[in-house]
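The values are calculated or read from the model by the stated rules, or taken from the named source; none is laboratory data. The structure presented is a predicted model; accordingly, all values stated were derived computationally and were not measured. All Cβ positions, even for glycine, are placed from backbone atoms using ideal geometry, and neighbour counts span all protein chains on display.
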Amino acid sequence: MRVIKQTGNQELARVFIAENKEGKLVEFVESTQPPFTFSDKYVLIISTLFGCPVDCKFCDAGGDYRGKLSPEELLFQMDYAIEKRFGGKTVESEHFKVQFARMGEPSFNHHVLEALQAIPGRYSYRKFTPSLSTIGPAGRKHFFDDLLRIKKDLFRNDFQLQFSIHSTDTAQRDNLLPVKKMSFEEIAGYGKLFYDEGGKKITLNFALGKENIVELPVLKKHFPADHFLIKLTPVNPTYKAGYNHIESRISRTAMHPELADELRDAGYDVILSIGEWEENRIGSNCGQYVCSLKKANQLISDSYTYQLEPGAE
């Protein structure tokens, strides 16, 4: 693989575009979370698929699915960003986090689990948090069973698992995420198995569009507050969100939805994950920068080609 373009802010976030030997494109991101600096927290957001077969109504990665990344291609994203930032495989930040959350539904690629298990022996760091974001597709029991085993073996108290459900209304959820999915009962059952006392609660994420339905009785019925927390995020300004007329309930002028207070009053921990608005311009919040570049026909190669380890293809 080789990196052919990058964009962003050295002090906030950078998006890297890579191309494999078959000409398939993928993107990955390094960022921090102000007021933290890169010396405080270093976050990598990794792609797992070339595109995505799900075609969510507000995500630009869908509709151009070209297969799974290999274990080497998954690790390449981490190697390249870490070596570019730190000059080696030692992450010189107080907290290192890898999110399998960029392009692609990670549970569709079992190689994600191989890459996840390789991290502790591949990099040096002070504190590490793996994170995986999923819509909970149906039929992926083997993946989730293995993920649970790996979590308990290697990352018992510091794994961040997120189910992106976006609506408590089943019909609306099916419209936003148009594939067969785990039911709320199945997500709740798995989440309770995944949760460990003293570890991280399971995150339920809502990219909060103005029309998204979030009903407290449904949450309380399925997701106890001692095992689950709620994360509210803006709908990022993607091509797909604009095409489907999905407007964000969270904006520069409305950064604290009343829903957050209602959820807290019901006993839930609530995260308002807004990030820096500059990241919308950079393309690191979401929005699949690869798709933007394809539309603008702006891909320009540079001279850097990453060499895989001996024997890897």
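Residues in the stretch 37-64 that are at pLDDT 90 or above and either surrounded by fewer than 16 Cβ atoms within 10 Å (Cβ to Cβ) or within 14 Å of the chain's Cα centre (by Cα) (or both): 10 in all.
The residue pairs whose first member lies in the stretch 225-236 and is more than 21 Å from residue 274 (Cβ to Cβ), whose second member is part of a strand (DSSP E or B) and of a type outside the set (Asp, Glu), and whose beta carbons are closer than 9 Å, counting only pairs six or more residues apart or on different chains, are 227/202.
Considering the conditions (1) in a loop (DSSP other than H, G, I, E, B); (2) in contact (Cβ under 8 Å) with a residue 60 or more places away in the chain; (3) within 20 Å of residue 203 (Cβ to Cβ), residue 34 is excluded by exactly one of them, (3).
In the stretch 150-200, what residues are of a type in the set (S, T, N, Q) and either over 20 Å from residue 273 (Cα atoms) or in a strand (DSSP E or B) (or both)?
Taking the stretch 150-200 first, the residues of a type in the set (S, T, N, Q) are 157, 160, 162, 164, 167-168, 170, 172, 175, 183.
The answer is 157, 160, 162, 164, 170, 172, 175, 183.
Restricting attention to the stretch 190-219 and to residues that are charged (D, E, K, R) and within 15 Å of residue 162 (Cβ to Cβ), the residue that is modelled with the highest pLDDT turns out to be 201. Determine, yes or no, whether residue 39 is out of contact with any Lys or Arg (no Cβ under 9 Å at 6 or more places or on another chain) and either assigned to a strand (DSSP E or B) or not β-branched (Val, Ile, Thr) (or both). Yes, satisfied.
What number of residues within the stretch 102-134 satisfy the criterion of being assigned to a loop (DSSP other than H, G, I, E, B) and either surrounded by fewer than 22 Cβ atoms within 10 Å (Cβ to Cβ) or of a type in the set (Phe, Trp, Tyr) (or both)?
5
Across the stretch 189-200, the qualifying residues are those that are surrounded by 19 or more Cβ atoms within 10 Å (Cβ to Cβ) and not hydroxyl-bearing (Ser, Thr, Tyr), and the one among them that is nearest to residue 57 (Cα to Cα) is 191.
With respect to being aliphatic (A, V, I, L, M), within 30 Å of residue 172 (Cα to Cα) and outside any strand (DSSP E or B), residue 54 fits the description. Across the stretch 202-227, the number of residues qualifying as out of contact with any helix residue (DSSP H, G or I) (no Cβ under 6 Å at 6 or more places or on another chain) and either outside any loop (DSSP other than H, G, I, E, B) or surrounded by fewer than 18 Cβ atoms within 10 Å (Cβ to Cβ) (or both) comes to 18. The number of residues in the stretch 58-101 that are in a loop (DSSP other than H, G, I, E, B) and in contact with a strand residue (DSSP E or B) (Cβ under 9 Å, 6 or more places away or on another chain) comes to 16.
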